[in-house]
Each structure stands twice: as structure tokens, then as C-alpha cells.
Amino acid sequence: MGSIAQVSDVHVELLGRFRVLVGKREVTAEAWPARRAAELVQLLALADGHRLARDQAIEALWPHLDADAGAANLRKAAHHARKALADPDAVILRGGQVALFPSRTVETDVERFEVDAGSALDGGDVGVCAAVATTYADLLPEARYEDWAHTHRERLRSTCAELLQRSENWERLVELERADELAYRALMRRELAAGRRAAAIR
């Protein structure tokens, strides 16, 4: 008898919004019984291999609690996440780790963006860089002020900025990075070349 193929039908969207698809079923916003349950899934979706040490998860989501209280909150959030995702194996706590769908392949739009961006930047094609940049959106806008999302957000913004520089999309680059001098200089040169001195000064 042949081995059973691994199920790979979990997709997590994190750019611009949070959405989980398990197979063809979308997990609605109303399905999440607690905010921390959704944040635990988001945290794991962003982690390498979609797993973290328990202590890392606790420190990220409950940094001000002691170890026992943090562990209790983690167990509660994992329980609520399993309930929302309607799968007893959705979030597993085992061997000092927390894992998201460990028996399945989880795909995220963040991973896809980073893979595509890496290929585009390596290839150097202006059109490809421009196309990949259009797939970027701010990471988890509802978690904009959460420390655990900050490093991921800044890395993705920086990648998108590089794509916009390569594709010379200066207007969008200025929108993304208000202090980007390269973009402002390019816009000024363009306005001067077109004889629009007032626009260049502005």
C-alpha cells in the first residue's frame, strides 16, 4: 500500500488583512472566540517552520506575566485557536514547542511575497520587480502596535521599498517611505526635465 500524501491545504493571509483558509473553508472573523487565539496563529504563521518554543510564544504575547500565568494563557489561546480552526491538530503544544498545523503544509502570502521578491531582485527585471511590489500590503494592520509583529513588518516594508527602487516607482516609494531621499531626488529631476520647476521645488 502506498503512503498517504501529506495534506497541504492550509493558507494564511497576513498582508493587508488576516484570513485563514483550511481547504475551501474560510475561518470567519466571528469564529475567533478571543483576540489572543488569532494572534497566536498569526505569530506561528510568521515563525520559521510555523513553530516556536513555548517560552518564545509566551514572551511575545504575554511579556508581563510570570511563567505559570503565561503558560496558562498559552494553553487557553491554543484551545480557542483549535476551536476557531475546527481542527484538534491545528495548534499543538508538545515537547516545549508550539506548532501550527504540524501535520500539514502551511502556506502564507508573506512567504510567497518574500520568495517572489527575492527572485525578482536577483533577476533585476524592472517589470517583474514592479509586479511583485503590487502584491505587498502592510502586515497585519490590526496588530500595527504589537511588538511581536514589528520586526517582520519592517523587513517586509524594506523588501517592498527595494522592489520599488528597482522598478523606479518613485511615487509609491514616497508613500511607503516618507523620508526616502533617492525617491525625492528622482521625482525632482523628473519634474525639472519636464520644465515644471514649481512642482520640483514643491
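For this structure, a couple of remarks:
- Checking each residue in segment 125-161 for being surrounded by 13 or more Cβ atoms within 10 Å (Cβ to Cβ), among the acidic types (D, E) and within 23 Å of H64 (Cβ to Cβ) picks out E142, E146.
- Matching entry among V27, V91, V41 (being in contact with a helix residue (DSSP H, G or I) (Cβ under 7 Å, 6 or more places away or on another chain) and over 17 Å from L140 (Cα atoms)): V91
- Count of residues meeting criterion [closer than 14 Å to V12 by Cα, in a helix (DSSP H, G or I) and not β-branched (V, I, T)] in segment 94-140: 4
- Residues satisfying the stated conditions in segment 135-179, i.e. out of contact with any Phe, Trp or Tyr (no Cβ under 6 Å at 6 or more places or on another chain), touching a residue at least 24 places away in the same chain (Cβ under 8 Å) and of a type in the set (S, T, N, Q): T159, S167, N169
- Within segment 162-175, considering residues that are on the phi < 0 side of the Ramachandran plot and open to solvent by 30 Å² or more (accessible area, probe 1.4 Å), the one modelled with the lowest pLDDT: W170
- Residues satisfying the criterion are absent from segment 58-78 (criterion: within 14 Å of the chain's Cα centre (by Cα) and in contact (Cβ under 8 Å) with a residue 60 or more places away in the chain).
The values are calculated or read from the model by the stated rules, or taken from the named source; none is laboratory data. None of these values were measured; they are calculated from a predicted model. Using ideal geometry, Cβ is built from the backbone for each residue, glycine included, and neighbour counts are taken over all protein chains shown. These area figures cover heavy atoms from the full protein model, side chains too; ligands, DNA and RNA do not enter into them. Shrake-Rupley method; radii C 1.70, N 1.55, O 1.52, S 1.80 Å.
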